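K.L.:
Dropping a structure here in structure tokens format, bear with me for questions.
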Amino acid sequence: MAGRSDPGTTGGGMTVRQTRLTLFVMALSLMTVISAVSGLNIALPSLARETGASQSELTWIVDAYTVVFAGLLLFAGALGDRYGRKLLLEIGLLLFGAAAAIGLVVSDPGLLIATRALMGVGAAAIMPTTLSVITTSFPEHERPKAIGVWVGMAGGGAVLGLFGSGLLLEFFSWQSFFGLNVVLAIAALVGVIVVVPSSVDEDAPALDVVGAVLSLVTVSALVLGIIEGPEQGWDAPATIGGLVTGMVAGVLFVIWELRTRTPMLDPRLFRSRALSAGTLTIGLQFFAAFGFFFTAIQYLQYVTDRSPLEAAAALLPLPLFLLPVARNAPVLARRIGFRRLAPVGLVLMASGMLVMSRLDLETPYWVFAAGIALFAVGMGLAGTPATTAITASLPMTKQGVASAINDTARELGSALGIAILGSVLNQGYRDGLADTVTRLPPKVADGVLSSIAFTGSPIVTQLGEAGRQLVITAQRAFVGGVADAMLIAAVMLGIGAVAVAIVAPARQMDLAAAGRNTN
């Protein structure tokens, strides 16, 4: 690389060709991480049928990854600043790929949850590093466009991961999903070694281990309570204990971060209106996006009887709208301002969710596609300006922290979206079957309540006409749960749009001022 020069260099001394290659490798690394959340969703029905995992276990298999991911992101960002972003990225990709390789050979739901948690540790080392490498490699005038590509890959890469997984599942078992993770991790690792420059914060503060533990306990305990609520009951000790532990740990985290000399995340940073509004926007977007993936993909396979590949293809309008809009959103943000653009984006996302809250057993595909299109345009409009607002709110020496805040908002939003909307789906499904299961044999009743995948088992098939009616009833109950989840997402996005309009800086120039004034 060093022996071949191109005309023109960036502000960091890198050639234009080197920065473009760096952006490509960061986008590939990001897609590796994001596809590991979304791609597994396409395999859930097959996984449930072959492993017997309950609806609650399915939620944990998906969310164990995002919980650990979200809980460690801030600490990982600080590690990258202190010991080197390239080194941390290499370690993260190695750990992620090794854990995914384990996933190729395990089938027990409990072991799958543990494997996904280990992958989450690797992902936490990867994701904040990708954005901080971009913000430290690109000159200021090119940074918004580069961030636009990064945001586009964050959303579009999710559906591309779905499509890749769907294609694999046409020919191989659900475990082939982990093979895709391994291949992407290896490709990204090679790119990092060859292309990515080293960077480190020479004045990095001491590591905040206590803060890291408290943040992980906060997220994991809250998600535990949310996921187990429908399964064990909202008054069950595990549910109440998880929710209370999470809230207490969250309060202790804030207190600790305010008092320690070297906070992992100083709560006072959120005095910046740009940082607060950007973080809220990102969190809401990914709350809705990954909650949508988790619920809609199961709807497409369980209710509309699509294959994994057909279900993935049904979501292709999302990247087709998202990628070009995200790429051009910085231009719109400069013209009309983040304060106007972000709420518009969130309202469009809410409109898409409202459309999909009307799904039923016979909904034509064009209605579903229209909802996705609205959602994707809104996500593209709000995402890039929100990420730019976060990174512009902190100085260059704190870009690891800025990246970690941005990514924590994404992953915390994703974890809560999967947990909350998944629990709404599970609760709606179980409520919809409440009367029916009283007339079923106990073994059949327990199986159907545990997961809609049970309706495809030989036990139900042997019931003849009664079994066919049970399948239809279960599908209706499942659609009711999906509709409830989409409606909750729409309401949250609508409330968030109002909040962002109030909190965001009144003038576009305030974004740049925020970065100069934050120490």
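K.L.:
Of all residues in segment 54-95, count the ones that are within 30 Å of residue 229 (Cα to Cα) and either modelled with pLDDT of 85 or more or assigned to a helix (DSSP H, G or I) (or both).
P.N.:
Residues in segment 54-95 being within 30 Å of residue 229 (Cα to Cα) and either modelled with pLDDT of 85 or more or assigned to a helix (DSSP H, G or I) (or both): 21 in total.
K.L.:
Within segment 104-115, track down each residue that is part of a helix (DSSP H, G or I) and surrounded by fewer than 24 Cβ atoms within 10 Å (Cβ to Cβ).
P.N.:
109, 110, 111, 113, 114, 115 - these are the residues of segment 104-115 that are part of a helix (DSSP H, G or I) and surrounded by fewer than 24 Cβ atoms within 10 Å (Cβ to Cβ).
K.L.:
Right, here's the next one. So the check is Cβ under 6 Å with 6+ separation or different chains; which pairs have a first residue in segment 225-251 that's free of Cβ contacts under 8 Å to residues at least 12 places away in the same chain and a second one that's among the polar types (S, T, N, Q)?
P.N.:
What qualifies is 232/239.
K.L.:
I've got another one for you. Quick check: anything in segment 356-367 in contact with a helix residue (DSSP H, G or I) (Cβ under 6 Å, 6 or more places away or on another chain), among the small types (Gly, Ala, Ser), farther than 13 Å from residue 281 by Cβ and surrounded by fewer than 24 Cβ atoms within 10 Å (Cβ to Cβ)?
P.N.:
yes
K.L.:
Still on this structure, please answer the following. For segment 437-477, enumerate the residues that are surrounded by 20 or more Cβ atoms within 10 Å (Cβ to Cβ), in contact with a Ser or Thr (Cβ under 7 Å, 6 or more places away or on another chain) and hydrophobic (A, V, I, L, M, F, W, C).
P.N.:
448, 470, 474
K.L.:
How many residues does segment 344-367 hold that are within 16 Å of residue 278 (Cα to Cα) and over 20 Å from the mean Cα position of the chain (by Cα)?
P.N.:
Total satisfying the criteria: 1.
K.L.:
In this structure, is residue 33 β-branched (Val, Ile, Thr), modelled with pLDDT of 85 or more, over 14 Å from residue 181 (Cβ atoms) and in a helix (DSSP H, G or I)?
P.N.:
no
K.L.:
Could I ask something else about it? Could you tell me whether residue 408 is modelled with pLDDT under 85, open to solvent by 10 Å² or more (accessible area, probe 1.4 Å), under 16 Å from the mean Cα position of the chain (by Cα) and not small (Gly, Ala, Ser)?
P.N.:
The answer is yes for residue 408.
Matching residues to (1) at pLDDT below 75; (2) of a type in the set (Ser, Thr, Tyr):
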site	(1), (2)
397	yes, yes
415	no, no
429	no, yes
435	no, no
449	no, no
458	no, no
481	no, no
511	yes, no
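K.L.:
Here are some conditions: (1) at pLDDT 90 or above; (2) crowded, with 24+ Cβ neighbours inside 10 Å. Residue 162 meets all but one. Which one does it not meet?
P.N.:
Unmet condition: (1).
K.L.:
Determine which member of the set 33, 68 is open to solvent by 10 Å² or more (accessible area, probe 1.4 Å), touching a helix residue (DSSP H, G or I) at 6+ places or on another chain (Cβ under 8 Å), in contact (Cβ under 8 Å) with a residue 40 or more places away in the chain and among the β-branched types (Val, Ile, Thr).
P.N.:
68
K.L.:
Please go through segment 116-146 and give me each residue that is closer than 22 Å to residue 67 by Cα, among the β-branched types (Val, Ile, Thr) and open to solvent by less than 10 Å² (accessible area, probe 1.4 Å), ordered by number.
P.N.:
If the condition is that a residue be closer than 22 Å to residue 67 by Cα, among the β-branched types (Val, Ile, Thr) and open to solvent by less than 10 Å² (accessible area, probe 1.4 Å), then 126, 129, 130 are the ones that fit.
K.L.:
So, one more: Among the numbered conditions (1) among the polar types (S, T, N, Q); (2) farther than 13 Å from residue 388 by Cα; (3) surrounded by fewer than 21 Cβ atoms within 10 Å (Cβ to Cβ), tell me where residue 298 comes up short.
P.N.:
Failed condition: (3).
K.L.:
Kindly establish whether residue 18 is over 28 Å from residue 212 (Cβ atoms), in contact with a strand residue (DSSP E or B) (Cβ under 9 Å, 6 or more places away or on another chain) and in contact (Cβ under 8 Å) with a residue 24 or more places away in the chain.
P.N.:
Taking the combined requirement at face value, the residue satisfies it.
The values are calculated or read from the model by the stated rules, or taken from the named source; none is laboratory data. This one's a predicted model, so the numbers in the text were calculated from it and none came from an experiment. Neighbour counts run over all protein chains shown; Cβ positions are idealised from the backbone, glycine included. All accessible areas refer to the heavy atoms of the entire protein, side chains included, with ligands and DNA or RNA removed. Shrake-Rupley method; radii C 1.70, N 1.55, O 1.52, S 1.80 Å.
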